[in-house]
Amino acid sequence: MKKHLLTTALLGALSFTTLAPTLSFAQTAGSEKITTQSKIDQNTLDTLKTDVKELTDKERLLATQITEAFDNINQAQQAILDKDKTLANDKLTKALGQLDAVISLNPDLQFIPLNKEYITTDSYHDADTVIAARRIALGYLRRGRVQDARLILSDMASELDVRTTNLPLVGYVNAIRFALPLINDDDFDGAKTILDTAILTRVITDEVMPLPIVRMVVALEAAQALELEKGEMTEEKKTEVLENLDYAQEQMKLAVAFGYADKGAYKQSLTTIRTLRKNLKNAASNTDTYTKVLSDTKDINDHLETAKDRADERKAAEATK
């Protein structure tokens, strides 16, 4: 089992930075397979790094405005501790105006990212191993040995979980509005409690990226790039294309074994990859076939419904009963 946790502070004093995840990869086949997998692993990492978007000028300006507001809130909290009514009122009023201005210009902005964690769980690398482990866990569950099954299932994943901790922006605005009249009434303890509660309020959001699907896309793109290269399709190059296609097929099978995709997606991908192999053998064009399989695979990823999504749907359905 390989699991990595990286944390990046996005709001040290509301300074926005990003950190690319570290991915781990099991290599258990022959030397040629290790070379192919190593390349795909590095390309996957590069792909995920590319997906980390740079802040726009507008977002940088927004970060600066929010930073100034929080500086005023921090100074107001100290003034409250010192029972300095005038300074506390002044700083909170300025912070309120700054936050109101940000919200009015960005009405869809609900949260401010506080920090981001990249959690990589990469426990199994072979679909048959996953299927065997599932059967063992199911056997334990049937016999009521829940904890034994739990030990097997707890790390049954190959994914990057981007977990973001956010501060609710509107919550701060409301807290300031509640705190100001308390300060005017010399209720410093009450004002402090309200602001402290707002500071401690966090909203956690998770984004799951299934690594087998990401790696499949990278492998297919690598095969496509080799076929598009100018010059003769040598046997060495053809072997490398086939290795990438084999690996892409393995990764889709692994995605299905983990439950990230359904069997229909695997069968569709398998049919298309067989076409790619056949065309390669017959020296026929694969341009349209690569376009289709990459589009299908990316569509699977874009419309991926996670276990958490399904759990939320069940809760929502139960709430309406």
R0 = 56 Å: FRET efficiency of residue 277 with residue 89, Cβ-based, nearest 0.05?
-> 0.15
Net length gained if the chain between residue 315 and residue 295 were fully extended (0.36 nm per residue, minus Cα distance) = 4.0 nm
What is the gain in length, in nm to one decimal, between residue 108 and residue 67 on full extension, counting 0.36 nm per residue of separation less the C-alpha to C-alpha distance?
-> 12.9 nm
Which pairs, out of 116/192; 192/321; 230/292; 91/116, put more than 31 Å between their alpha-carbon atoms?
-> 192/321
For region 280-321, which GluC sites (Glu not before Pro) are both in a DSSP coil and crowded by at most 12 other Cβ atoms within 10 Å?
-> 305
In whole angstrom, note down how far apart the Cα centers of region 127-166 and region 178-193 are.
-> 50
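Rounded to the nearest 0.05, what FRET efficiency do residue 270 and residue 237 have when you use their Cβ-Cβ distance and R0 = 22 Å?
0.40
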Under a point-charge model restricted to the Cβ atoms of Lys and Arg (+1) and Asp and Glu (-1), what is the dipole moment magnitude of region 210-307 relative to its Cα centre, in debye to the nearest 20?
-> 320
Multiply the residue gap between residue 174 and residue 151 by 0.36 nm, knock off their C-alpha separation, and tell me the result in nm, one decimal place.
-> 3.9 nm
For region 161-167, 3J(HN,Hα) per residue [Karplus equation, 6.51 cos²θ - 1.76 cosθ + 1.60, θ = phi - 60°, Hz, x = Gly/Pro] | 9, 8, 9, 10, 9, 10, 9
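Readers should treat all values here as calculations from the given coordinates under stated rules, not as data from a laboratory. The structure presented is a predicted model; accordingly, all values stated were derived computationally and were not measured. Because the Cβ atoms are built from the backbone with ideal geometry, glycine has one as well, and the counts that use them run over all protein chains shown.
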